[in-house]
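Novice: This is the structure I want to talk about, given as structure tokens.
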């Protein structure tokens with residue numbers, strides 16, 4: 001039996017799989033493929049965070065997210081310090097998530113420039129007219 005995987009995996013996994021008797025068909029990605037695969041991996045890991053059912057599972061999945069973020073930062077020429085600086089700047093400008101605010105909708109009159117942001121992203125912000 002052969003199973004299609006088609007995703008970025010951690011460095012030690014091919015040997016671990018071989019030790020279990022599996023044949024593994026891997027290749028090393030070039031830089032652009034690697035960055036793209038890391039972005040896909042981040043989305044995959046975020047889904048696993050969403051589905052975590054216990055604090056221990058959540059901790060493990062958040063650790064995976066952080067590993068992907070660190071790899072993506074390094075591959076993009078960024079440091080974790082630069083990312084932390086951006087995080088703190090955004091927190092200072094816009095706040096954090098301490099108050100648990102959930103935005104159900106926004107409403108705008110025709111011609112309001114602030115509505116352009118939402119109009120430009122119809123898949124993300126569908127109209128409820």
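The values are calculated or read from the model by the stated rules, or taken from the named source; none is laboratory data. The structure presented is a predicted model; accordingly, all values stated were derived computationally and were not measured. When we count neighbours, we look across all protein chains shown, and the Cβ atoms used for this are built from the backbone with ideal geometry, even at glycine.
Novice: Have a look at 49, 35, 65 and point out the one that is more than 29 Å from residue 1 (Cα to Cα) and in contact (Cβ under 8 Å) with a residue 24 or more places away in the chain.
Specialist: 35
Novice: Restricting the search to segment 76-129, which residues are at pLDDT 95 or above, farther than 30 Å from residue 30 by Cα and part of a helix (DSSP H, G or I)?
Specialist: 88, 89, 90, 91, 92, 93, 94
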